[in-house]
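The values are calculated or read from the model by the stated rules, or taken from the named source; none is laboratory data. Values in this document were obtained by computation on a predicted structure and should not be read as measured data. Every residue, glycine as well, gets a Cβ built from its backbone with ideal geometry; the counts of neighbours run over all protein chains shown. Protein only, heavy atoms only, side chains kept; ligands, DNA and RNA dropped before computing areas. Shrake-Rupley method; radii C 1.70, N 1.55, O 1.52, S 1.80 Å.
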Amino acid sequence: MFVAAILWGNDTMKLYYSPGACSLGIHVILEEIGQPYEAVLVALKDGAQHKPEFQAVNPKAKVPALQRPDGSVLTEWPAIAFYLAASNPQAGLWPEGVEAQARCLEAMDYICGTIHPQGFTRQFRAANFTPTEADQPKVIEQGKALASKGFETLDKLWAGQDWLLPGGYSVADAALFFVSFWAIRRVGMPVPPRITAHFERMLARPAVQRTLATEGLSA
């Protein structure tokens, strides 16, 4: 397990993550910021999210969770991304201006609130969507269709050039990266060329390479 400490005062910040989960995007943001931190492994496949140790950190039983220097815990992907980017303006990950910030939140909410649960949770946890095992393949196919629609929608609404937003690289790109990683590396499903090109650009970033190495994932 990668261990470092994010030192703000005499306290430490911890990222609770599981390899390849949606916490991957928050992990990338932490690496982009450049502050040291402690990465705490939560083995979702082993059910660690339901054990008392993690329940005491996040009763929602999911990652990512971010323990801040004062000991308080922040959950939910967009909230954590905003906190890290806004509290580290030197990294340039949070857009300037109300309109750009609203568009960043809009993109993160669509990725985390629609593409993730509707497109991929259906594929990875089909049993959560049907009480009948025989229906699970239909749920998986539905998830693939919804994920494809989500990527196509992002492609149509693409407002930036190399990056998702006109202002350049931001936390929204880290959000797009984790669902693209699932689509391209875990599922092997086709995505629009612009999404594929974005994924390749993300893989070239040193922060992403460090994150993948820490989580034991192929770059």
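Between Thr121, Thr75, which is in contact with a Pro (Cβ under 8 Å, 6 or more places away or on another chain) and either under 21 Å from Gly168 (Cβ atoms) or of a type in the set (Ser, Thr, Tyr) (or both)?
Just one listed residue meets the conditions, Thr75.
Residues in the range 202-217: is at least one buried (at least 18 other Cβ atoms within 10 Å of the Cβ) and more than 16 Å from the chain's Cα centre (by Cα)?
There is no residue in the range 202-217 that is buried (at least 18 other Cβ atoms within 10 Å of the Cβ) and more than 16 Å from the chain's Cα centre (by Cα).
Exactly one condition in (1) surrounded by fewer than 21 Cβ atoms within 10 Å (Cβ to Cβ); (2) touching a residue at least 60 places away in the same chain (Cβ under 8 Å) is false for Ala159; which is it?
(2)
Please give the number of the condition Lys138 fails out of (1) open to solvent by 40 Å² or more (accessible area, probe 1.4 Å); (2) within 12 Å of the chain's Cα centre (by Cα).
Every condition holds for Lys138 apart from (2).
Quick check on the range 79-96: of everything there that is of a type outside the set (A, V, I, L, M, F, W, C) and open to solvent by 40 Å² or more (accessible area, probe 1.4 Å), which residue is farthest from Gly150 (Cα to Cα)?
Gln90
Residues being touching a strand residue (DSSP E or B) at 6+ places or on another chain (Cβ under 8 Å) and without any contact (Cβ under 8 Å) to a residue 24 or more places away in the chain: count how many of those fall in the range 49-98.
Qualifying residue count for the region: 6.
So, of the residues in the range 170-201 that are among the hydroxyl-bearing types (Ser, Thr, Tyr) and in a helix (DSSP H, G or I), which turns out to be surrounded by the most Cβ atoms within 10 Å (Cβ to Cβ)?
The residue in question is Ser180.
Give the residues of the range 84-113 that are farther than 16 Å from Asp173 by Cα and assigned to a helix (DSSP H, G or I), sorted by residue number.
If the condition is that a residue be farther than 16 Å from Asp173 by Cα and assigned to a helix (DSSP H, G or I), then Pro89, Gln90, Val98, Glu99 are the ones that fit.
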